[in-house]
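K.L.:
One structure follows; several queries about it will come next.
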Amino acid sequence: MGSVLRLRKLCYVEPVKFQSFESIKNAEKQQQQQQQQEERTVSEVENAVQKNGRDDDEDTKKKKEGKKKMKEWRCIDSCCWVIGCLCTVWWLLVFLYYSLPAALPGFQPPESPGARLGREGVRALHPVVLVPGISTGGLELWEGKPCTEGLFRKRLWGGSFTEILKRPLCWLEHLSLDNETGLDPPGIRVRAVPGLVAADYFAPGYFVWAVLIQNLAKIGYEEKNMHMAAYDWRLSFQNTETRDQALSRLKSTIELMYLTNGRKKVVVVPHSMGVLYFLHFLKWVELPPPMGGGGGPGWCATHIKAIMNIGPPFLGVPKAVSNILSSEAKDVAVIRSMDPGVLDSEILGLQTLEHAMRVARTWDSIISLVPKGGETIWGDLDWSPEEGHGCSLAKRRTLQSSGNNKNSNHTNGKRTFSAMKDLAKYGRIISFGKEASYIPSSQLPSVDLKELLLGKPSTISNSTCQEVWTEYNELSRESIRDVADNKVYTSQTLLDLLRFVAPKMMKRAEAHFSHGIADDLNDPKYNHYKYWSNPLEMRLPGAPDMEIYCLYGVGIPTERSYVYKMSPTGKCKSIPFRIDSTAEGYEDSCLKGGVYFVDGDESVPVLSSGFMCARGWRGKTRFNPSGATTYVREYQHRPPASLLEGRGSASGAHVDIMGNVAFIEDVLRVAAGATGEEIGGDRIYSDIMRMSERINIQL
Amino acid sequence: MPLTQRKKGAEADKAASDKAASSEEKIVQDGSEDEDRKKKESPAGKKKKKERGGEKGKWSCLDSCCWFVGCVCTVWWLLLFLYNAMPSSFPQYVTEAITGPLPDPPGVKLKKEGLTAKHPVVFVPGIVTGGLELWEGHECAEGLFRKRLWGGTFGEAYKRPLCWVEHMSLDNETGLDPPGIRLRPVTGLVAADYFMPGYFVWAVLIANLARIGYEEKTMYMAAYDWRLSFQNTEVRDQTLSRIKSHIEMMVATNGGKKAVVIPHSMGVLYFLHFMKWVEAPAPMGGGGGPDWCSKHIKAIMNIGGPFLGVPKAVSGLFSAEAKDIAVARAIAPGFLGNDIFRVQTLQRVMKMSRTWDSTMSMIPKGGETIWGGLDWSPEEGYLPSKRRQIMNDSQVSSESGTNSSSSRARVNYGRIISFGKDAAESPSSEIEMIDFRDAVKGRNLANTTCRDVWTEYHDMGIEGIRAVAEHRVYTAETVLDLLQFVAPKMMARGSAHFSYGIADDLDDPKYEHYKYWSNPLETKLPSASDIEIFSMYGVGIPTERAYIYKMSPSAECFIPFQIDTSFEGEDEDSCLKDGVFTVEGDETVPVLSAGFMCAKGWRGKTRFNPSGIRTYVREYDHAPPANLLEGRGTQSGSHVDVMGNFALIEDIIRVAAGATGEDLGGDQVYSDIFKWSEKINLAL
């Protein structure tokens, strides 16, 4: 302690330049100080003290040298000190947190639906199969290039994603598929993680299925009657069977669960793209080998009690288009879901987006999400089923529920509602320039689409761009301008556009997916697997007892159509098109940041998720010849009231809905044996019934 | 503080100007004047300064603590960062620099030879190596949903030990879940690739198989709840049905190529049970029909299989004292060995492990015919140091050869449990055995203080305990009676699921009951002449074979018996160490148990192997890791570490890629297993 004192004292005389003087003076000062201090002490000590003081002469010199060093170190010292403090406090808090009793006396967490239903006597009855969607399932490495050493059986996708930051190029290389075959590139094997861990959490703390699993477990489910049908979501559906036999495994597991659980039929709960995957499975399993699974025509009727589709993109999502075109979609599509901040930044943006696009374009599965049904479903240049949708409607509802000045909002809503009516032309999924998105079709330039798009695009080869390959590099500037000159694309012409800008990808993927509407379902061509995941080109299996649910959130603005512009620079590195984020509508308009919104769950518009259950399969139709019952269950979105709620127990967002209490209760009741009627039949908040009526489709 | 500093600064300036005068004395005077003035001016200020100094002093300890912690943290992070930034092949470079180039892992080597994945592979893990996770628990286990209670870091065992023991235990009557608790096996390859972080079980084998093209669709970990009796895994979890369905599916999706099954340790018995189950008709069996095995299985490569049981299981059940195979000792031997905690801990461990039916599957089978009687055992004459001496010069070996002839007379391995050393060594005629079976168990010893830790010993009185000790010597046959006596409830449960005898007539319909299915001496192998059965195990490590017990110093809450660790052999090379007689084996399973069935019991066409399935014995001589860098060694022969043995992995990969036992080179034997097997007098 003494040394510290002296050190302090020395610091006070910092600016002194003259050592000799300083030291003498210092010595004296010290002496005097000491004298002063010890005035009351015995005089015997004084001598010794004086001696000490003289000795200090030399000491101080030494100390001065030391002081200089100390001065240099002080910053680091205080850094250390701060870090030390923080660490200690952190540990203390962590320790306290752990020693806290699990339930604070004052704070009672709301009872989970599983526990409540468990008390009511709801018990596990039917085995449950969970089918995860795109990008939520984990992928792990089984064989890789030398750059992935030490990552054997570690997750490349899902988990903490540390490898992206550590070796981004290596990571991208391993997640890509082969551009020709859509299967593994040589020397690389990345495989889906099996089991419930595959998609319970996407990243640590970000649940996907975990909440549902936990609630199912509360009423008695465990691994023997709950199965996660994990598959490699990058592959086209049929390829998961070709490469991994994923469909065969699913079939065998369902059969096994059916047998070992006392011949109780299975309740299937697919989410997002898993819905399409399971549609594919339904057709696959009943058809004869080699293309099908050879389960015979009664397989579904014997083994499946209900299919509870969560946020089903039956008819595709517009997001998929923008993702393929400029890799700009939001959360459903791919890499942006991880760190939008980095991608949005202009500095890194160009390269990152290019890379992301190159990787994502090797994934066939994305094509399954391109809007299906063409203009009949999604609307043409002047018409769309959603027209008249007021975008402030949803907002107003949420505001009302939180009790914010109702009056002003109400009037506001009314005004814009009428204004919007003739503005939003949702049918134009992609328009170049804001104007093109709302002017009447007669004023649009009449470029002959077919001629443009079916003509061979003139190509340029620029050797500087080779390292980041996207098919845009093969397009010349002129063809790009031609594309933009056409101004407007509907869901029908959109496919031509995609074929034009990404010929290889579409050629690969269109062998696996189809996006039309069947005229005659008896045509034997529909036995081909490329039609199996399109609900408008397949028949449901003959299983009259099977129930089909469409469960999805509503009340969140969802991307429906885009305003595009050409990228400013002509550099080869940039993607030539991008969403024109400067295009804004009126305050309450549906146009925000270059995107027109409709009602939906943030990823899938209501139309896509609800139409099949609300109309396409309702009753006995040609798509549903055996008349399987369908139910539409919507969940009104309510954002979490406080931070404590996390992602909310009443959320309607595409993924967060899996934590929605009402939704979980429905799933649990059905799994425990209830029918659709018993849980209350349809439950509708949106305009889905009216919209469906407007669609002119032969049933 | 700024005030004083400024003053000092001014003072210094003044001093600087004065320097021109270069009159030192004057300066000194000036200085002193200054000081004087200051003294007059601000004595209060000085006091303040001092006080502040005092404050600083008080804080400095905390400060320096913080500083120290900060330093340590920073350095730690730096190192961590460097470690992470280090190329992952760096440790290998270091190792190679020190030990010379390492051999290629077998997967890489065989891939170069052109081997690729062919037959689907099924792993059957053994006891304790599979993870268990919580699906439903009591309140104390909140927040542990789907977290591993067994395997992984065992964090919970330390944080809330009583809660943990409660959840790990099974119901004492049924051998199934206690009410309100559901603990289930982890599924998938993760179930048993690593037992704890860094302690591999199957991981090395999996990694090597992946090199030649295996992946999840062609590899399957048949994880089961290893606490349950084998048939109960089917009753509760339908595990056997799942394995059946999965094997069928793998065979179907791999172009009809039959599966290679690789069971380890208790998994060997589990798979024996499975083979009988799958062909037996429902409801007791799986209804696969009599040719299921021949249709779906190419080879069974048993690793360290305790076909005939392990003596360790007896000591584990008797006094919870077995070494690594039995239970919780595997986690923290130091902790359990500690005498202070021992009383309660061992009691709890015993209580817990006695609810696990599966441990009873490993009680020595075949009685005195296999394991030896009072005066006879197949291994007699075994010298633990023999093989070591072969490498030494001949003179030494001949010397100790004479030495060992005397010890040959002494070691009676047949006496699995003896009370006192003289009982272990004197000829049987001299031992006075008092029958304990009819002995009165006596007054219930349990007093209320011990109530919370229940073991069946509390139901026994001091008379019963004494009666047990007075019987002096137990062979493999009488050991069963002993266990029956000391733990009647457990044995009643266990004998419904397992049997330990030798069948006289295998056609007796009673052998259709599932309790016989895991005993190779009471079952027939399936009729599938194409199957190959390998018995692969490590040799060259002393393995527990027989025990010397004593009564515990009397205290009612104690387990009344314990191994008498004071007994040591006479010379360094003796088989007797710490009250345990050891023989050759892989540290857990004696060679006799692991090798006998393949060396003799099933060799050729016997009554246990009516269709003449070919058997191979593949032994792997133990060589301890040369240095620390090698980790657990690439030539280890010990029970679990043998799974990292390159030679064993190579054999497995070759068979999985299509080779037959003959291609591997047939038998590979280092021990005396054939000699010992010949000594066993068993009708075949």
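K.L.:
How many square angstrom of accessible surface are buried between A and B, both sides summed, with a 1.4 Å probe and rounding to 100?
P.N.:
Details: alone 32250 and 31000 Å², together 57730 Å².
Interface area, both chains combined: 5500 Å², rounded to the nearest 100.
K.L.:
What percentage of the solvent-accessible surface of region B:151-276, computed with a 1.4 Å probe over protein heavy atoms, is contributed by carbon and sulfur atoms?
P.N.:
Values: 2070 of 3480 Å².
That share works out to 60 percent.
K.L.:
Follow-up. Using a 1.4 Å probe on the heavy atoms of the protein chains only, list every residue of region A:182-198 that has 40 Å² or more less accessible area in the complete assembly than in its chain alone.
P.N.:
At a threshold of 40 Å² (probe 1.4 Å), the residues of region A:182-198 that become less exposed are A:189.
K.L.:
Could you work out the relative contact order of region B:559-684, using alpha carbon pairs under 8 angstrom and six or more residues apart, expressed as a whole percent? Mind showing how you got there, number by number?
P.N.:
Details: 150 pairs, mean separation 27.2, N = 126.
Dividing the mean separation by the residue count of region B:559-684 yields 22 percent.
K.L.:
Once label points are set 7 Å from the Cα along Cα→Cβ at both residue B:252 and residue B:64, what is their separation, rounded to one decimal in nm?
P.N.:
Calculated label separation equals 7.5 nm.
K.L.:
Given A:251/B:257; A:218/A:283; B:365/B:421; A:283/A:305, which pairs have Cα atoms separated by over 23 Å? The partial results should precede the final answer.
P.N.:
Working: A:251/B:257 20 Å; A:218/A:283 33 Å; B:365/B:421 25 Å; A:283/A:305 16 Å.
Exceeds cut-off: A:218/A:283; B:365/B:421.
K.L.:
Roughly what would the spin-label model give for residue A:592 and residue B:683, points 7 Å off Cα along C-beta, in nm?
P.N.:
8.7 nm
K.L.:
Determine the gain in length on full extension of the stretch residue B:669-residue B:605; use 0.36 nm per residue of separation and subtract their C-alpha separation, reporting nm with one decimal. Can you show the working numbers first?
P.N.:
Values: separation 64, 0.36 × 64 = 23.04 nm, distance 2.13 nm.
Between residue B:669 and residue B:605, full extension yields 20.9 nm more.
K.L.:
If each of residue A:167 and residue B:85 carries a label point 7 Å out from its Cα toward its Cβ, how far apart are those two points in nm?
P.N.:
Between residue A:167 and residue B:85, the simple spin-label model gives 1.7 nm.
K.L.:
Kindly identify region A:156-195 as rounded, prolate or oblate by the Cα gyration tensor criterion: order the square roots of the eigenvalues as a ≥ b ≥ c, call it rounded if a/c is under 1.5, otherwise compare a/b with b/c, prolate if a/b is larger, else oblate.
P.N.:
Details: a/c = 2.77, a/b = 1.31, b/c = 2.11.
Since a/c reaches 1.5 but b/c is at least a/b, the shape of region A:156-195 is classed as oblate.
K.L.:
Given a Förster radius of 51 Å and the C-beta distance between residue A:581 and residue B:112 as r, what FRET efficiency does 1/(1 + (r/R0)^6) yield to the nearest 0.05? Display every interim value, and only then the final one.
P.N.:
Working: r = 55 Å, r/R0 = 1.07.
FRET efficiency, residue A:581 to residue B:112: 0.40.
K.L.:
Could you let me know the centre-to-centre spacing of region B:636-684 and region A:527-543, using Cα atoms, in angstrom?
P.N.:
53 Å
K.L.:
Accessible area drop of at least 50 Å² (1.4 Å probe, protein heavy atoms): which residues of region B:158-196 qualify, relative to the chain alone?
P.N.:
So the qualifying set is B:182.
K.L.:
Whole Å is fine, so just give me how far the alpha carbon centre of region A:219-238 lies from that of region A:653-699.
P.N.:
22 Å
K.L.:
Which shape class applies to region B:185-250: rounded if a/c is under 1.5, otherwise prolate when a/b exceeds b/c and oblate if not, where a ≥ b ≥ c are the square roots of the Cα gyration tensor eigenvalues? Intermediate results must be reported in sequence, preceding the final value.
P.N.:
Working: a/c = 3.49, a/b = 1.38, b/c = 2.53.
It comes out oblate by the Cα gyration axes.
K.L.:
Among rounded, prolate and oblate, which fits region B:110-172 when a ≥ b ≥ c are the square roots of the eigenvalues of its C-alpha gyration tensor, a/c under 1.5 means rounded, and a/b larger than b/c means prolate? Working shown, then result.
P.N.:
Details: a/c = 3.42, a/b = 2.90, b/c = 1.18.
It comes out prolate by the Cα gyration axes.
K.L.:
Buried by at least 50 Å² relative to the chain on its own: which residues of region A:77-99 qualify, computing accessible area with a 1.4 Å probe on protein heavy atoms?
P.N.:
By number: A:80, A:81, A:83.
K.L.:
Same structure again: To the nearest 0.05, how large is the calculated FRET efficiency for residue A:154 and residue A:112 if R₀ is 30 Å and r is the Cβ-Cβ distance? Please report the intermediate quantities before stating the final value.
P.N.:
Numbers: r = 32 Å, r/R0 = 1.07.
Computed FRET efficiency for residue A:154 and residue A:112: 0.40.
K.L.:
Another question, if that's okay. With a 1.4 Å probe and all protein chains left in place, how much of the accessible area of region A:170-296 comes from carbon and sulfur atoms, in whole percent?
P.N.:
Numbers: 2000 of 3450 Å².
Reported share for carbon and sulfur atoms: 58 percent.
K.L.:
Using R₀ = 60 Å, calculate the FRET efficiency as 1/(1 + (r/R₀)^6) where r is the Cβ-Cβ separation of residue B:173 and residue A:699; round to 0.05.
P.N.:
Details: r = 61 Å, r/R0 = 1.01.
Rounded to the nearest 0.05, the efficiency is 0.50.
The values are calculated or read from the model by the stated rules, or taken from the named source; none is laboratory data. Every value quoted in this text rests on a predicted model; they were computed, and no experiment measured them. Note that each Cβ is placed from the backbone with ideal geometry, even for glycine, and that neighbours are counted across all protein chains shown. What goes into the accessible areas is simple: the full protein's heavy atoms, side chains included, and nothing from ligands, DNA or RNA. Shrake-Rupley method; radii C 1.70, N 1.55, O 1.52, S 1.80 Å.
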